[in-house]
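J.: Below you'll find the structure I mean.
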Amino acid sequence: MFLQTIVEKLRLLGRPRKEPYFMLKKLLGFAPKNMEHYELALLHKSSCVKDGQGHKLNNERLEYLGDAVLEAVVSDILYKLFPAKGEGYLTSLRSKIVQRETLNKLAVDIGMDKMMVVPRLTHSHNVNVFGNAFEALIGAIYLDKGYAYVLRFMKDVVFKSYLDIPSLAVVEQNFKSRLIEWGHKYKVTVDFDTYSEKKDKDNNIVFRSKVLVGGMAIAEGSGYSKRSSHQEAAKRALGKINSDRDLFQTLIRNM
């Protein structure tokens, strides 16, 4: 019944597509067992359905789970892929892989934009729709097949065919990662706190975060995901640290 409801939503949205089972089997490299996990991963909150108890169902809970599993799996792969690299390098590279910009592009490259149940207006205003869905897909694989299959998918499909690791390793665009590396270098704590969630005029959630360096709140940022708000806050923090010598000395002296 749940799958039929989603298929019906696809028809109403005018999004014809091939049988999802075969599309996912081709993408993942293995046969899904419980398709409900995957259908749910592809269901944006703006197109949510209700179960028999009236609970709204969408991919947000799977996104939460997939976020944690993805970070663990990427850490696992990088640890084995670069045995001679230190913590700073591995942390920076992992951040570049799991950052929302990379996941958004990755989701589109593997064709998730053609499988998702989401109104066009929603993803035109929220560029993170597909990256969020990729994390939800990871959560679905984990629930359906376990950690080993997530590792297999990321290693044999994503890393092998869709990620340009050498390019990611040299491009410094992840401000959060750079700030964390700075903290490691000078032994200064770096913490991020998302303290508010508000909706914009299109009903999309906007997150606002602050970054605390050495216990001091020195910058804030906002965005359509917690990660993007962290990135903006980190970018502003780095700008202050690099331009204000007194602040720099205060931060490292306090530690």
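J.: Among the numbered criteria (1) crowded, with 16+ Cβ neighbours inside 10 Å; (2) at pLDDT 90 or above; (3) not β-branched (Val, Ile, Thr), which one does Leu57 miss?
T.: Every condition holds for Leu57 apart from (2).
J.: Could you please find all residues in segment 28-38 being assigned to a helix (DSSP H, G or I) and closer than 15 Å to Ile138 by Cβ?
T.: Leu28, His37, Tyr38
J.: Given the structure, is Val213 in the same structural domain as Val74 (by TED's automatic domain parsing) and either closer than 20 Å to Ser92 by Cβ or among the hydroxyl-bearing types (Ser, Thr, Tyr) (or both)?
T.: No; evaluated as a whole, the condition is false for this residue.
J.: Only one of these is at pLDDT below 90 and assigned to a helix (DSSP H, G or I): Lys18, Lys25. Name it.
T.: It is Lys25.
J.: Select from segment 75-112 the residues that are under 18 Å from Asn128 (Cβ atoms) and β-branched (Val, Ile, Thr) and write down the one among them that is surrounded by the fewest Cβ atoms within 10 Å (Cβ to Cβ).
T.: Val108
J.: What pairs come out if I take residues in segment 141-162 that are farther than 17 Å from Ala107 by Cβ and pair them with residues that are of a type in the set (Lys, Arg) and at pLDDT below 95 whose C-beta lies under 6 Å away, six or more apart or interchain?
T.: If the second residue must be of a type in the set (Lys, Arg) and at pLDDT below 95, the pairs left are Asp144/Lys33.
J.: List the helices (runs of 4 or more DSSP H) that sit entirely inside segment 148-255 and contain at least 1 residues that are over 22 Å from the mean Cα position of the chain (by Cα) and of a type in the set (Asp, Glu).
T.: 245-254
J.: Now, a different point. Which of the residues belonging to segment 64-107 are without any contact (Cβ under 8 Å) to a residue 24 or more places away in the chain and either among the acidic types (Asp, Glu) or assigned to a loop (DSSP other than H, G, I, E, B) (or both)?
T.: Matches in segment 64-107: Phe82, Pro83, Ala84, Lys85, Gly86.
J.: Mind checking which pairs have a first residue in segment 231-247 that is assigned by TED's automatic domain parsing to the domain that holds Glu181 and a second that is of a type in the set (S, T, N, Q) and modelled with pLDDT of 90 or more, Cβ under 9 Å, 6 or more apart or different chains?
T.: Correct list of pairs: Glu232/Ser209; Glu232/Ser222; Ala233/Ser209; Ala233/Ser222.
The values are calculated or read from the model by the stated rules, or taken from the named source; none is laboratory data. Please read these numbers as outputs of a predicted model, since none were measured by experiment. With ideal geometry, Cβ positions are generated from the backbone for all residues, glycine too; neighbour counts draw on all protein chains shown.
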